[in-house]
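The values are calculated or read from the model by the stated rules, or taken from the named source; none is laboratory data. Note that the structure is predicted; figures quoted are calculated from it, not measured. A quick note on method: Cβ atoms are made from the backbone with ideal geometry, for glycine too, and the neighbour counts reach across all protein chains shown. Quick note on the areas: whole protein, heavy atoms, side chains included, nothing else; ligands and nucleic acids left out. Shrake-Rupley method; radii C 1.70, N 1.55, O 1.52, S 1.80 Å.
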Amino acid sequence: MEIRPPAVAGSFYPAEAQELRETLAECFGSSSLGPLGSRSPLPSLIGGMVPHAGYRYSGACAAHLYARLDPSVDRVFILGVNHRAMGYKAALSPWDYWQTPLGEVAIDQELSEWLQRRVPFLKKDVLAHSSEHSIEVQLPFLQSVLTAFTFLPISLSYLTLAECAALGRAVAETCLSQASRPVILASSDLHHYGSPTETEKLDELALEKVLARNPRELIEVVEEHEISMCGVIPTAVVLFAVNALGVTQAHLLKHCHSGDTAPMREVVGYASAVFEL
């Protein structure tokens, strides 16, 4: 049994289980949705976009999405960004389990094998995942809200628009092949290291395309306005997937930036958004 140890426990989130539980409770309590126990699940939720910074900065924003997950969800895709572009460009997990301070989470091998048969540019790779945080930081949130689940992490660096579309369609087909439909999450922060005013403006340009569920225009506006949205590729793939699944609604749950936690001259933007049938 191969287990991926946590790479960013003790930096992005607490390394000790009880402290992590307390931090997660604070994230949910800081959201406008109230404590974890009072969350309001959305049964029609099939996908979303969620930030991946340290919990101090983006945890409360992420909690807005996780408070909306139905506890009975038992399969989750997480498409994350490969910040360092290490290893393969579209990487599945080579490990059987991922570990966090809250325990181990199993890789959904059925989803992994099904998807590999349909997407020739996917393969298992250690380097793409071993030190990357964008997927890992989502797991404690999922462990805190779901009763039991398996997940499929996909680490992405650069893909063409055609590859984003092909992967998104394959993810959708994979979801439709399952008795219990997985939830599909894109892990992404928004603009990095601009002034609060600039960041809010550029974030809004990107969020307009996310909420319009238009992956092509999202990529175009990010390139045209030099918006440093690190997870634009994972988000585009998720948009292709949820569109193929027939999503009818997109909602912005929370938009904020790192300067909301303490005064900063340069900030990073965060948002949680959901896609519903």
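Tell me which residues come under 5 Å, amide H to amide H, from I135 once H is placed; ignore anything under 5 positions away on its chain.
Amide H to amide H, under 5 Å and 5 or more residues apart or across chains, I135 pairs with nothing.
So, with a 1.4 angstrom probe, what is the percent of accessible area on segment 53-170 that is carbon and sulfur?
Summing carbon and sulfur atoms, their accessible area is 51 percent of the total for segment 53-170.
Please give, to one decimal in nm, the separation of the simple spin-label points placed at L252 and L176, each 7 Å out from Cα toward the Cβ.
3.1 nm
What is the sum of charges, Lys and Arg at +1 and Asp and Glu at -1, for the other residues whose Cβ falls under 11 Å from the Cβ of E173?
+3
Would you rank R181, R68, R56 by solvent-accessible area, highest first, keeping every protein chain in place and using a 1.4 Å probe?
R56, R181, R68
Kindly report the accessible area of the chain per residue (heavy atoms of protein chains, probe 1.4 Å, no ligands, DNA or RNA), in Å².
Heavy-atom accessible area per residue stands at 40 Å².
Tell me, what % of the accessible area of segment 181-242 is carbon and sulfur with a 1.4 angstrom probe?
45 percent
Multiply the residue gap between E208 and E110 by 0.36 nm, knock off their C-alpha separation, and tell me the result in nm, one decimal place.
31.8 nm
Among the DSSP beta bridges whose two residues both lie in the chain, what percent are antiparallel, rounded to the nearest 5?
The antiparallel proportion sits near 50 percent.
Where a Cα-Cα gap under 29 Å defines reach, which lysines qualify for K201, not counting those fewer than 8 residues away within the same chain?
K209, K254
Using the Cα centre of the chain as the reference point, and only Cβ charges (+1 on K/R, -1 on D/E), how large is the resulting charge dipole? Debye, rounded to the nearest 20.
460 debye
Zone of S40 (label point 7 Å along Cα→Cβ, backbone N under 20 Å): which residues in segment 114-151?
Within reach of a label on S40, which here means backbone N under 20 Å from a point 7 Å along Cα→Cβ, segment 114-151 contributes 145-146.
If I build a Gaussian network model for the chain, linking alpha-carbon pairs within less than 10 angstrom, which residue out of A17, A250, A60 has the largest mean-square fluctuation?
Sorting by GNM fluctuation, first place goes to A17.
From the phi angles alone, apply the Karplus equation (6.51, -1.76, 1.60; θ = phi - 60°) to segment 42-51 and give each ³J(HN,Hα) in whole Hz, x where the residue is Gly or Pro.
So the J values, rounded to whole Hz, are 10, x, 8, 5, 10, x, x, 10, 9, x.
Can you spot the lysines whose alpha carbon is less than 17 Å from K89's alpha carbon? Ignore those fewer than 8 places along the same chain.
K123, K124
Among (i) 120; (ii) 152; (iii) 112, which one is volume of the Cα convex hull per residue in Å³ computed from these coordinates?
So the calculated entry is the one marked (iii).
Give me, ordered by chain and number, the residues 5 or more places off R75 or on other chains with an amide H under 5 Å from its own placed amide H.
Result for R75 returns T150, V183.
Taking 0.36 nm per residue of separation and subtracting the Cα-Cα distance, what length does fully extending E22 through Y158 add?
45.3 nm
Tabulate in residue order the Karplus-calculated ³J(HN,Hα) for segment 226-240, using 6.51 cos²θ - 1.76 cosθ + 1.60 with θ = phi - 60°, rounded to whole Hz; enter x for Gly and Pro.
6, 7, 8, 7, 5, x, 5, 5, x, 5, 4, 4, 5, 4, 4
Report ³J(HN,Hα) in whole Hz for each residue of segment 90-97, in order, from the Karplus equation J = 6.51 cos²θ - 1.76 cosθ + 1.60 where θ = phi - 60°; Gly and Pro get x.
Each residue's phi maps through the Karplus curve to give 9, 10, 8, 7, x, 8, 7, 9 Hz.
Taking the Cβ of Y57 as the centre, find all other residues whose Cβ is under 10 Å away and add up their charges (Lys, Arg: +1; Asp, Glu: -1).
Its environment carries a net charge of -1.
Tell me which of A9, A53, C164 sits at the most positive position along the dipole axis of the chain, charges placed on C-beta atoms (Lys, Arg +1; Asp, Glu -1).
C164
Give, in nm to one decimal, the length gained when the segment between S11 and S72 is fully stretched (0.36 nm per residue of separation minus the Cα-Cα distance).
19.0 nm
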